[in-house]
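Chemist: This structure is in structure tokens; I'll ask about it shortly.
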Amino acid sequence: MEKLILTTHDNIAITAHLFLPQKSNKKLLLINSATGVKQQIYFSFAQFFSENGFTIITYDYRGIGLSKPEKMKGFNASMRIWGSKDFKSLTDYIKTEFPDYEKYCLGHSVGALILGMNEDAEIFNEFIFVGTQNAFVGHLKFRTKIEAYLGFGIVQPLTTRLLGYFPAHWFGLGESLPKNCAYDWRTLILNKKSTNGLLEKIDDYSKNLNQKVFVIRAEDDVWLTEKGVKSLLNDTYHNLQPTYRLVKTTESEKGEIGHVNFFRSYNKKLWNIILNELI
């Protein structure tokens, strides 16, 4: 594992890690993280794929993990910037350093939603979507819908306005988020357009993407519904060619997958689902 410091077009340092295999199969997999999820969550998964010949890159968006500023309040970041600038710095690096590799991108949650914000998403041969959807509250199940209305309608904007950033860790929602990342997340939940509500505020390349996409949804992911997943593919990335895979809890050795735990080492046998797709 090699640490990389990449510089975005607006001079922000993005910390990434490169996992090089002992014997390369000339295939590269970039991992776009979920909201507020540090790249270390994906390290075991990345090592597993590296042992199977893949070159893997993980990274933290600005404001998250190793790409976090000393002071969060007033820091300029948004999900739209994650897609248009941070993700772009990774594709620039990949095009320069690995031009002749087969290229794949795994988008976990928001990591799939930002694909349409970067024209270079076209370089990938295929996408893997894990735990992602158009997250509009109307797609959610009743209990989660109530939590979403209370959390994103009241608690999140109040705490964000008070502190100048969103202390997501207070609510078990991962890393704290810069203010505009929190507001973009609120758009995804409360605006009926969801992902399209962000894409219309930025250069939108989503319709240019026509690759295969392997879409994975965990049976016990309470924040995800089939309706939301299908909406993302039908209403946002409608030129992609999806194959869907529902992962049941009985396939997990701990009987636990949820929104993030697919990438925990105790679910290592589930990683073969993606490995078999890419080989």
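Chemist: Check each of the trypsin sites (Lys or Arg not before Pro) in segment 211-279 and keep only those in coil by DSSP with at most 12 other C-beta atoms within 10 angstrom; list them in order.
Modeler: For trypsin sites (Lys or Arg not before Pro) across segment 211-279 that sit outside H, G, I, E and B with at most 12 neighbouring Cβ atoms in 10 Å, the list reads 248, 254.
Chemist: How do 35, 144 line up, fewest other C-beta atoms within 10 Å first? Please report the intermediate quantities before stating the final value.
Modeler: Details: 35 24, 144 16.
Lowest to highest Cβ neighbour count: 144, 35.
Chemist: Sticking with this one: In which sequence would 106, 4 go, from the one with the fewest C-beta neighbours within 10 Å to the one with the most? All intermediate terms of the calculation are to be shown ahead of the outcome.
Modeler: Numbers: 106 28, 4 15.
In order of increasing Cβ crowding within 10 Å: 4, 106.
Chemist: Less than 15 Å apart at the alpha-carbon level, and either on another chain or at least 8 residues along: which aspartates and glutamates does that give for residue 95?
Modeler: Correct list for residue 95: 86, 119, 120, 122.
Chemist: Per-residue ellipticity at 222 nm for the chain, helices alone: DSSP H runs ≥ 4 residues times -39500 (n - 2.57), over residue total, nearest 500 deg cm²/dmol? Working shown, then result.
Modeler: Numbers: 9 runs with 72 residues, N = 279.
It lands at -7000 deg cm²/dmol.
Chemist: Same structure, new question: Label the chain by shape, choosing from rounded, prolate and oblate, from the square roots a ≥ b ≥ c of the eigenvalues of the Cα gyration tensor; if a/c is under 1.5 it is rounded, and otherwise prolate applies when a/b is larger than b/c, oblate when it is not.
Modeler: Numbers: a/c = 1.42, a/b = 1.19, b/c = 1.20.
In terms of gyration-tensor shape, rounded.
Chemist: Moving on. Counting other Cβ atoms within 10 Å of each Cβ, which trypsin sites (Lys or Arg not before Pro) in segment 36-114 have at most 11 and sit in a DSSP loop?
Modeler: Answer by residue number: 71, 73.
Chemist: Taking the Cα-to-Cβ direction at residue 256 and at residue 143 and moving 7 Å from each Cα, how far apart do the two end points lie in nm?
Modeler: Rounded to a tenth, the inter-label distance reads 1.6 nm.
Chemist: Based on Cβ point charges of +1 for Lys and Arg and -1 for Asp and Glu, what charge dipole magnitude is obtained for segment 1-104 about its Cα centre, in debye rounded to the nearest 20?
Modeler: On the way: 14 positive and 10 negative charges, 55 e Å.
Taking the Cα centre of segment 1-104 as origin, the dipole is about 260 debye.
Chemist: Under the classification rounded if a/c is under 1.5, otherwise prolate if a/b is larger than b/c and oblate if not, where does segment 121-162 fall, given a ≥ b ≥ c as square roots of the Cα gyration tensor eigenvalues? Intermediate results must be reported in sequence, preceding the final value.
Modeler: Working: a/c = 4.46, a/b = 1.84, b/c = 2.43.
Since a/c reaches 1.5 but b/c is at least a/b, the shape of segment 121-162 is classed as oblate.
Chemist: Count charges around residue 165 for me, please; just the other residues with Cβ under 14 Å from its Cβ, Lys/Arg as +1, Asp/Glu as -1. Walk me through the intermediate numbers first.
Modeler: Numbers: positive: 62, 68, 71, 73, 161, 179, 186; negative: 70, 175, 184.
Charge balance near residue 165 sits at +4.
Chemist: Which whole-number percent is the relative contact order of the chain (Cα, under 8 Å, 6+ apart)?
Modeler: Values: 556 pairs, mean separation 52.3, N = 279.
Relative contact order of the chain: 19 percent.
Chemist: Rounded, prolate or oblate for segment 5-123? Axes are the square roots of the Cα gyration tensor eigenvalues, ordered a ≥ b ≥ c, and the cut-off for rounded is a/c under 1.5.
Modeler: Working: a/c = 1.89, a/b = 1.52, b/c = 1.24.
Cα axes put segment 5-123 in the prolate bin.
Taken together, the values in this text are just the output of simple stated rules run on the coordinates, not laboratory data. Model, not experiment: these values are computed from the prediction. Note: ideal-geometry Cβ built from the backbone for every residue, glycine included; neighbour counts use all protein chains shown.
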